[in-house]
Structures are given as C-alpha cells and as structure tokens.
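Undergrad: One structure, as structure tokens, below. Some questions next.
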Amino acid sequence: MGDNMKTIIVSGFLGSGKTTFINHILGFNKNTLVLENEFGDVSIDSMLIKNDDIIEINSGCICCGLKSDFKEIIHKIDKDQFEYIIIEPTGIAKLTDILEVLKDEENLQIQKCVTIVDSDSYICFHEDFGEFFNDQIKNADIIYITNIENLEEEKIEEVKKSIEQFNKTAIIHTEDFRNMNPDDIVAEFENKKEHKCCCHGHGHKCCGKHHHDHHDHPHEDSKFKTNVQKNLKFASKEDLEKFLDSKSIVRAKGNVEIADKKVFVSKTLSGLEISDAISDSEDFVIIEVNNE
C-alpha cells in the first residue's frame, strides 16, 4: 500500500452531516479504515457508518485527553492493509488541534481536510461557538454547505460569502453532496495539492518525524455535557418533542420507542428526524450546553 496512509479528515459541528458524508463516499477504495471519535461514552455514529473496518475512540477528544490513545491506535494500524484512513473527529473539536496532533505522524499523509457546515445553524453557531466553529472552517481545504434544500439561492450565497471571510482558498460546494457523484468528490481528494497546515501560523505540512509530546490547553468540550438515556419510551412524537424541547440541547441521537415501535431519532438545531431503528441499541445520547 505504500509507506504513508492517505488521510482524509472530515470535520464539522454537531449534527452537520459528517457521518452522512462519509457514508456517501465510502466504497471508493476497499482498503479504507474509518476512525470515529465521539465526545460521549457511547458511539452512535459508529453504528451508522457503513464500513467493515472502523475504530471507535470515545469519551473525549483525540486532540486532548485521548491524544495518547489516538497515537497508539495510529501506530498499530497495519499500513499494508489500509491505503486510506478517514478520520471523523468529534463535532466540538478544533481542527487546528487535530492537525497539530497528526503533524508528527510519519505514517500519515494528510490529503484533505473536509468541513461540513449546516446552513440552518451556521449563524447561531458562528456567533455562539465561534472560536472553534470558525476554526473548523479556517483550516478546511474543501467545504460542503448542507441543509440547503429549503433555502433560497440568495441565502445560500450569504452563507458562502460569510464562510469566505474566514477561508479564501477552500473549495466551497453549495450543491447537496448527496446529489453529487462520489467519484467526483473523491477526485478532489486525489489532486496533487497536499493539505498545508496553518497550525499556529507556521504553514508546515502535517507530517514529520514522530515524537511524544503533551500539550495542555483549555478545550471547548468544557462548554458541553453528555447525558446518555436508556430505554426511552414515548406515547407519541409530540411527547418526544416535548422531552427534547430545551434551548440547551444542541444534539440528540439514538434509538427510542414511540408508540411501542423502536425508531432512530436524530435532533439538531435544524429539526427532528425519525427513521427506522439502527441495531438493537437502547442508548439515546443528548449533548447540551454546559451552563454550570
């Protein structure tokens, strides 16, 4: 497969559509490993990923508390088995910090950083969580704007122009990626312009001789808290909506029962989606703003 595993980082705030994007492009290379990082103790997204080879890293962010765990996993990956790694960091991670961790990994070749931006919640998150939300945009090579189906072209263009203020060089797609040919998406990963990291303004490539270091810094995950509920049952969709009716909830997902039927629920600031249950999991994860 070669000495360096080609690495794609798919970032984006909570509920932006990272997992949907990954599933859309999976299949371009059978020798692909997905590395999934969840903020909470329970990984719901790993159940959604349609790939046989997946590694879960839970209960924190791979750029901070789980940094050593992440590095150990990277070192154990069989380079002869996998050609590609797709890394999906937790939605509340700074892309700068993820790149800072990866720059010392000599076995990885970071091809592209992709950031998924939810147009419905862009203004809200940009204002409320700008420090790390904007960081994901600033460090992206390719940006996809999602949840555009109900927006007028004028509104979509406003979001695009706002994003361009933070990143003037990224490729910005305003077309729904679900309607795009996966081969065309992957072709942008393969162009010869390798990702250049702007970590701390040095402009170095995110690779180099590996060394062990530790960096302690305040992290944005302190602004959030995770609550895992089990075996939730509701008499109706309306009862579920009442249960989730809180301004502090920024993301909720997992299996619940509604009128004796198990379903999968996904809540973002853009709305509530209910679909067929995934797996037999009884877990429902709620991520809230930590007001303590």
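The values are calculated or read from the model by the stated rules, or taken from the named source; none is laboratory data. Bear in mind that the values here come from a model prediction, so they are computed numbers and not experimental data. Backbone-built Cβ (ideal geometry, glycine too); neighbour counts: all protein chains shown. Please note that ligands, DNA and RNA were not included when accessible areas were found on the heavy atoms of the full protein model with its side chains. Shrake-Rupley method; radii C 1.70, N 1.55, O 1.52, S 1.80 Å.
Undergrad: How high is the relative contact order of segment 73-154? Use alpha-carbon pairs under 8 Å, at least six apart in sequence, and give a whole percent.
TA: Values: 57 pairs, mean separation 28.5, N = 82.
35 percent.
Undergrad: According to a simple spin-label model (label point 7 Å from Cα along Cα-to-Cβ), what is the distance in nm between Glu241 and Asp53?
TA: The modelled label-to-label distance comes out at 4.5 nm.
Undergrad: Can you compute the modelled spin-label distance between Ile274 and Asn107, with each label point 7 Å from Cα toward Cβ, in nm?
TA: Spacing of the two 7 Å Cα→Cβ label points: 4.5 nm.
Undergrad: What length, rounded to one decimal in nm, is gained on full extension from Val228 through to Ala259, with 0.36 nm per residue of separation minus their alpha-carbon distance?
TA: On the way: separation 31, 0.36 × 31 = 11.16 nm, distance 2.11 nm.
In short, 9.1 nm is gained.
Undergrad: Rounded to whole Hz and in sequence order, give me ³J(HN,Hα) for segment 14-26 from the Karplus expression 6.51 cos²θ - 1.76 cosθ + 1.60, θ = phi - 60°, writing x for Gly and Pro.
TA: Per-residue couplings from phi come out as 3, x, 6, x, 4, 5, 4, 5, 4, 4, 5, 9, 4 Hz.
Undergrad: Same structure again: Just how large is the dipole of segment 224-289 about the Cα centre, in debye to the nearest 20, putting +1 at every Lys and Arg Cβ and -1 at every Asp and Glu Cβ? Display every interim value, and only then the final one.
TA: Details: 11 positive and 12 negative charges, 48 e Å.
Using Cβ point charges on Lys, Arg, Asp and Glu, segment 224-289 gives about 240 debye.
Undergrad: How large is the dipole of segment 5-190 about the Cα centre if only Lys and Arg carry +1 and Asp and Glu carry -1, each at its Cβ, rounded to the nearest 20 debye?
TA: Taking the Cα centre of segment 5-190 as origin, the dipole is about 360 debye.
Undergrad: Moving on to the next point. For segment 5-190, restrict the atom set to alpha-carbon positions and state the Rg and Dmax in Å.
TA: When restricted to Cα atoms, segment 5-190 yields Rg and Dmax of 15.7, 48 Å.
Undergrad: State the answer as a single residue: which of Ile142, Asn179, Met5 lies farthest towards the positive end of the charge dipole of segment 5-190, with beta carbon charges of +1 for Lys and Arg and -1 for Asp and Glu, about the Cα centre.
TA: Met5
Undergrad: Can you tell me how much longer the chain between Ile156 and Glu72 gets when fully stretched, taken as 0.36 nm per residue apart minus their C-alpha distance, in nm with one decimal? Please list the in-between numbers first.
TA: Working: separation 84, 0.36 × 84 = 30.24 nm, distance 4.15 nm.
Result for the pair: 26.1 nm of gain on full extension.
Undergrad: Of the cross-linked pairs Lys161/Lys261; Lys161/Lys267; Lys30/Lys237; Lys155/Lys233; Lys18/Lys168; Lys30/Lys71, which ones have a Cα-Cα span greater than 32 Å in the structure shown? Display every interim value, and only then the final one.
TA: Working: Lys161/Lys261 44 Å; Lys161/Lys267 27 Å; Lys30/Lys237 39 Å; Lys155/Lys233 38 Å; Lys18/Lys168 22 Å; Lys30/Lys71 24 Å.
With Cα atoms farther than 32 Å apart: Lys161/Lys261; Lys30/Lys237; Lys155/Lys233.
Undergrad: Right, next: In whole angstrom, how far apart do the alpha carbon centroids of segment 149-182 and segment 259-291 sit?
TA: For segment 149-182 versus segment 259-291, the Cα centre distance is 27 Å.
Undergrad: Considering amide H positions built from the backbone, and no H for Pro or chain starts, which residues 5 or more places from Ile278, or on another chain, come under 5 Å of its amide H?
TA: Result for Ile278 returns Phe264.
Undergrad: Expressed as a whole percentage, what fraction of the accessible surface of segment 224-289 belongs to carbon and sulfur atoms when a 1.4 Å probe is rolled over the protein heavy atoms?
TA: On the way: 1520 of 3500 Å².
About 43 percent, which is the carbon plus sulfur part of the accessible surface.
Undergrad: So what J values fall out for segment 232-240 if you push phi through Karplus, 6.51 cos²θ - 1.76 cosθ + 1.60 with θ = phi - 60°, rounded to Hz, Gly and Pro as x?
TA: Ordered by residue, 3J(HN,Hα) equals 6, 10, 9, 6, 7, 4, 4, 5, 4 Hz.
Undergrad: Got a number for the accessible area of Ile286? Probe 1.4 Å, square angstrom, nearest 10.
TA: Counting only protein heavy atoms, the figure is 10 Å².
Undergrad: Applying the Karplus parametrisation 6.51 cos²θ - 1.76 cosθ + 1.60 with θ = phi - 60° to the phi angles of segment 144-161, what ³J(HN,Hα) value in whole Hz is obtained for each residue in order, glycine and proline being reported as x?
TA: Rounded to whole hertz, the list is 10, 8, 10, 6, 9, 4, 9, 9, 6, 4, 4, 5, 4, 5, 5, 5, 4, 5.
Undergrad: Given H placed on each backbone N at 1.01 Å, which residues far from Gly12 in sequence or on other chains put an amide H within less than 5 Å of it?
TA: The list, which skips near neighbours in sequence, is Ile116.
Undergrad: Would you mind checking which residues have amide H under 5 Å from Met5's amide H? H placed 1.01 Å from N; only 5 or more apart, or other chain.
TA: Here the answer is Leu108, Gln109, since their amide H atoms fall under 5 Å of that of Met5.
Undergrad: Could you pull the accessible area for Lys76 with a 1.4 Å probe, rounded to 10 Å²?
TA: 150
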